[in-house]
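Here, each number is a calculation from the coordinates, and none is a lab measurement. Note that the coordinates shown come from a computational prediction; the quantities given were computed from them, not determined experimentally. Ideal geometry is used to build each Cβ from the backbone, glycine not excepted, and the neighbour counts take in all protein chains shown.
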Amino acid sequence: MKHLLRTSAIVAATILAVGATGAVAAKLITSKDIKNQTIKGKDVRPGSLKEKHLSEQTVEDLQGQQGAAGPAGAKGDTGAAGKDAAYVGAHWSVISRNTIGSARADLQGGPFVPGSSPPYGEGSLGLGVSNDALTGGTPQEKAAFGNEVDFLGDPVSGLADVGFQVVQTGENIAISPGNLPNVTFEIDPNLVATPSSFSSMVFLPDPVATANVWSPYIDATTTGMWFLTGAAGTETGCNQATTCTFADLQTALADGGDEATTYTAAVSKGRDSAWVGAVDGFRINSTVYDFEPLGVAEVSPY
């Protein structure tokens, strides 16, 4: 009996002890119950600490730290033209003082006519003039696109190769197969016979009777005709009434005075008949000027 009572007392004491332990565990643990520097990083659940749980100084310290630079990454893909492309040939533009009315001279993509793309690159110089000559009026519109900087002072005698390629519509040919754009050099003729220091030296291509196809190269030094405007045209006899070949023009300008020099070079159309089409591959000597949507690139002749 005594043994049974003592066993019961031990069990009761054990139950009381366990109950007391549970009560203590249920009590809120505060920083007062934790010995300093006894909680380790591994005791903290990952992701449970946010910026709001840290002091301002700790946040500033973390933001101020910067790791060492890593190795350079691989080169990225080439950017799209619309994002990264840059304009080229900054001295080429519409020559405003030689453009009349609402004539159009625009760098453009294409035209990609059936079986025929621009001879150089993906673009061309689009030209468009609409003149009153079709209705019996006086033709007025003119478009001019060129360079007023890079050819200044060059000798006219140094021009050895000049020309371009063209595409046009059937409507242009219906007006006239010779209804085509021109090459125009503004020059100082430096003629002994006249003090005039200005003339336009204009190339008139031979007729092109094929529509909607890029033409072969039109060589302005061996085909077509030229004329000079103003006093120089009158003195040399090489004018719109009596045009001359390129060789005859060069001979007429070499009259014993100072050498004739250029001011500007341009492709132009107007003051005659309506025309819509495009020009590309404008050649001056050994350089071809490739008309593209984002500018004028210098390339070698094909």
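Near N285, once Lys and Arg are set to +1 and Asp and Glu to -1 for all other residues with Cβ below 11 Å from its Cβ, the sum equals -1. 3J(HN,Hα) couplings calculated from phi for segment 238-255 with the Karplus curve 6.51 cos²θ - 1.76 cosθ + 1.60 (θ = phi - 60°) are, in sequence order, 9, 9, 5, 7, 9, 5, 9, 6, 5, 5, 5, 4, 4, 5, 5, 6, 8, 9 Hz; Gly and Pro show x.
Hey, can you grab everything whose amide H is under 5 Å from the amide H of V162? Only 5+ residues off in sequence or another chain; H modelled, so Pro and N-termini drop out. Here A220, T221, N285 satisfy the definition.
For segment 262-276, 3J(HN,Hα) computed residue by residue from phi via the Karplus equation (6.51, -1.76, 1.60; θ = phi - 60°) reads 8, 9, 9, 9, 7, 9, 9, 7, x, 6, 9, 10, 4, 7, 9 Hz, glycine and proline entered as x. Can you list the residues, at least 5 places off or on another chain, whose amide H is less than 5 Å from the amide H of I100, using H built in the peptide plane? Under 5 Å from the amide H of I100 lie the amide H atoms of K142, A143, each far enough along the sequence or on another chain. Is segment 88-200 rounded, prolate or oblate when judged by the Cα gyration tensor, a ≥ b ≥ c being the square roots of its eigenvalues, rounded requiring a/c under 1.5 and prolate requiring a/b larger than b/c? Oblate is the answer for segment 88-200, as a/c is 1.5 or above yet b/c matches or exceeds a/b. Packing around the peptides 183-194, 252-263, taken as the average count of other Cβ atoms within 10 Å per residue, puts them in this order, highest first: 183-194, 252-263. Shape annotation for segment 146-215: C-alpha extents along the principal axes are 44, 24, 20 Å, from largest to smallest.
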